[in-house]
Amino acid sequence: MLYAEMSQQVMSENLLERFTREYIQSQTMPQVLFTWHGGEPLMRPLAFYRKAIELQRKYGKGRIIDNCIQTNGTLLTDDWCRFFKENNWLVGISIDGPQEFHDAYRRNRHGLPSFAQVMKGIELLEKHGVEWNAMAVVNRLNVEHPLEFYRFFQNIDCRYIQFTPIVERIVLKSGKECLAHVGDKESWQMTDASITSEQWGEFLCTLFDEWVQKDVGYRFIQLFDATLANWVGEEPGVCSMARSCGKAAVMEFNGDVYTCDHFVFPEYRLGNIYRHSLVEMLYGDKQRQFGVDKWRSLPVKCRQCKYLFACNGECPKNRFYTTSEGEEGLNYLCKGYYRFFEHVAPYMEYMKRELLAERAPSNIMNAIKENKL
Ligand code: SF4
Ligand code: SF4
């Protein structure tokens, strides 16, 4: 809706070149990571990505460049998979668990389900030895079935899983239904697919119990890894659990740059690459402020919470609740996270001790079997 008046919503080759050059120059570390999102990025022909690789080589001048791409997997072919393998791309596949859960929400524009196509895409990735991970959303349906959800990923032997809870609000603006952002404080309602905080807590605890008994060190669940990282005082590796934001800016097809892909709203536009340099936008005051605001805007309830070190108030996009003291800025999922941290605390303590003693956290599985926990 933000760009409804623009019919061609695709990045031009001119913009691709400009972005590639500036982005590589703006990175201070030797390694550079490109992350491709859509819409559905495989709707661009392969030639577009071949061109991207050519430009990365031209402007990278020997630097190590990595790419990852986030796709619904339905358009994967042998050609795509060969390309990903040859160029060492990491592919994130959107899949929400078993067929009945996935197909409930992921339908194409004709209303047809997509699960079978996604599974065919995964087979192709496996056939070509492409590295891939699953990116699942947890919605009002699958949140009630955490074990079926998790066992599906065990059955297809997916070892890297990220999941994101659906927390979406709708507001009316000029008579139209729009997605709300954190600044929209009035007359909003949750979408049907959204989960509750209580459901989130129950889902995480049940899934964790399964993982901690069977899969530690083999299957990597992003949120559990991030929790353990925070427990031992390391960077959590996912922005939502980190102390600050600001490293997940996104560029749209027309060169508009926004603070974060969850904040693609006019108020959070940093500028346009044709008028401002990427360095100016990515390291400028507005983006820096956005980053530190994650910490600065925490309500007292969070500041006094014993799990602040693990939670950091989670993602600001979800902070639209008010504390019982009437302070704004509490995370909608707070109850769920608090319950999760309470539940996993003894396990996290155990794994932390193992790590500090330079032993494998996966020893926890034996400790559980031997009733030591
Ligand atoms: S707003 Fe949320 S998704 Fe964006 S950088 Fe911050 S924590 Fe990450
Ligand atoms: S668990 Fe709740 S109170 Fe504690 S830091 Fe997270 S959001 Fe804040």
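Readers should treat all values here as calculations from the given coordinates under stated rules, not as data from a laboratory. As the structure is a computational prediction, the values presented were derived from the model and not from experiment. As a convention, Cβ positions derive from the backbone with ideal geometry for all residues, glycine included, and neighbour counts pool all protein chains shown.
Taken over region 221-244, the criterion of being of a type in the set (S, T, N, Q) and buried (at least 21 other Cβ atoms within 10 Å of the Cβ) is satisfied by Thr227, Asn230, Ser240.
For Arg288, state whether it is surrounded by fewer than 17 Cβ atoms within 10 Å (Cβ to Cβ), assigned to a loop (DSSP other than H, G, I, E, B) and more than 19 Å from the chain's Cα centre (by Cα). When the stated conditions are applied, Arg288 does not pass them.
Could you check, for region 46-59, whether at least one of its residues is in a loop (DSSP other than H, G, I, E, B) and more than 24 Å from the chain's Cα centre (by Cα)? Write out each step before concluding.
Restricting attention to region 46-59, the residues satisfying the condition of being in a loop (DSSP other than H, G, I, E, B) are none.
Checking region 46-59: not a single residue is in a loop (DSSP other than H, G, I, E, B) and more than 24 Å from the chain's Cα centre (by Cα).
Flag: Lys176 does not match the condition of being touching a residue at least 60 places away in the same chain (Cβ under 8 Å), within 27 Å of Pro346 (Cβ to Cβ) and charged (D, E, K, R). Out of all the residues in region 64-87, which are surrounded by fewer than 17 Cβ atoms within 10 Å (Cβ to Cβ), of a type outside the set (A, V, I, L, M, F, W, C) and touching a strand residue (DSSP E or B) at 6+ places or on another chain (Cβ under 6 Å)? Asp66, the sole residue that qualifies. When region 211-262 is filtered for residues that are touching a Leu at 6+ places or on another chain (Cβ under 6 Å) and in a helix (DSSP H, G or I), only Val232 remains. Of the helices (runs of 4 or more DSSP H) that lie entirely inside region 296-373, those containing 3 or more residues that are surrounded by fewer than 17 Cβ atoms within 10 Å (Cβ to Cβ) span 334-356, 364-369. In contact (Cβ under 8 Å) with a residue 40 or more places away in the chain, more than 16 Å from ligand 1 (Cβ to nearest atom) and among the aromatic types (Phe, Trp, Tyr) - does that describe any residue in region 326-338? Within region 326-338 (the criterion being in contact (Cβ under 8 Å) with a residue 40 or more places away in the chain, more than 16 Å from ligand 1 (Cβ to nearest atom) and among the aromatic types (Phe, Trp, Tyr)), the answer is yes, since at least one residue qualifies.
Within region 134-153, being surrounded by 17 or more Cβ atoms within 10 Å (Cβ to Cβ) and not aliphatic (A, V, I, L, M) holds for Asn139, Arg140, Asn142, His145, Pro146, Phe149, Tyr150, Phe152, Phe153. Each residue in region 123-154 was checked for being in contact with a Cys (Cβ under 8 Å, 6 or more places away or on another chain) and assigned to a helix (DSSP H, G or I), and 3 of them qualify. Go through the residues of region 76-85 one by one and say whether even a single one is under 21 Å from the mean Cα position of the chain (by Cα), part of a helix (DSSP H, G or I) and over 21 Å from Asn108 (Cα atoms). Yes, there is a match, as at least one residue in region 76-85 is under 21 Å from the mean Cα position of the chain (by Cα), part of a helix (DSSP H, G or I) and over 21 Å from Asn108 (Cα atoms).
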